[in-house]
């Protein structure tokens, strides 16, 4: 089935440095400006703990629990940055961990009815703590290292406190994604 609006020209309604509001026929949606993409990282250490980050998200008006992630090619002169390179940089900046190996899982869309943004999901292997993490000077990130088998309760407690939860965390609670060896 094809929506007849899908073939209509795209109209830019508003554009900022990082976000563009667009219209195509009757559909309104947002996209990243300048073709910027994102990398999201599933980082699980050898002891079965997942690395999560907590940061205030202005659109939500509250802190949010997320997997480490960041923009690809958002710095001047790095517009052609590779998703894996960005993931390596973001993982270390946000969590203080470096991966011995990165595995690209694939491209995904977070909310395709409203946002055209895609992200590359990357699995980090062979993690080594190399720094404090916490993000760059403009970020205030708290790192959480949570045993995977405790993640459902951790997320439930997080929600009870009124905090946001990134949908990508749901995949970490699905046994078929990680295999039983992480439980």
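The values are calculated or read from the model by the stated rules, or taken from the named source; none is laboratory data. Remember, predicted model here, so these are calculated numbers, not experimental data. Positions of Cβ are backbone-derived with ideal geometry, glycine not excepted, and every protein chain shown enters the neighbour counts.
Here residue 173 clears all of (1) under 18 Å from residue 51 (Cβ atoms); (2) in contact with a strand residue (DSSP E or B) (Cβ under 8 Å, 6 or more places away or on another chain); (3) surrounded by 12 or more Cβ atoms within 10 Å (Cβ to Cβ) except the condition numbered (2).
Restricted to the stretch 74-110, and to residues that are part of a loop (DSSP other than H, G, I, E, B) and in contact with a strand residue (DSSP E or B) (Cβ under 7 Å, 6 or more places away or on another chain), which residue is surrounded by the fewest Cβ atoms within 10 Å (Cβ to Cβ)? That would be 110.
Take residue 53 and tell me if it is over 30 Å from residue 3 (Cα atoms), surrounded by fewer than 19 Cβ atoms within 10 Å (Cβ to Cβ) and at pLDDT 95 or above. It is false that residue 53 is over 30 Å from residue 3 (Cα atoms), surrounded by fewer than 19 Cβ atoms within 10 Å (Cβ to Cβ) and at pLDDT 95 or above. Residue 5 passes every criterion in (1) outside any strand (DSSP E or B); (2) closer than 30 Å to residue 93 by Cα; (3) touching a strand residue (DSSP E or B) at 6+ places or on another chain (Cβ under 6 Å) apart from (2).
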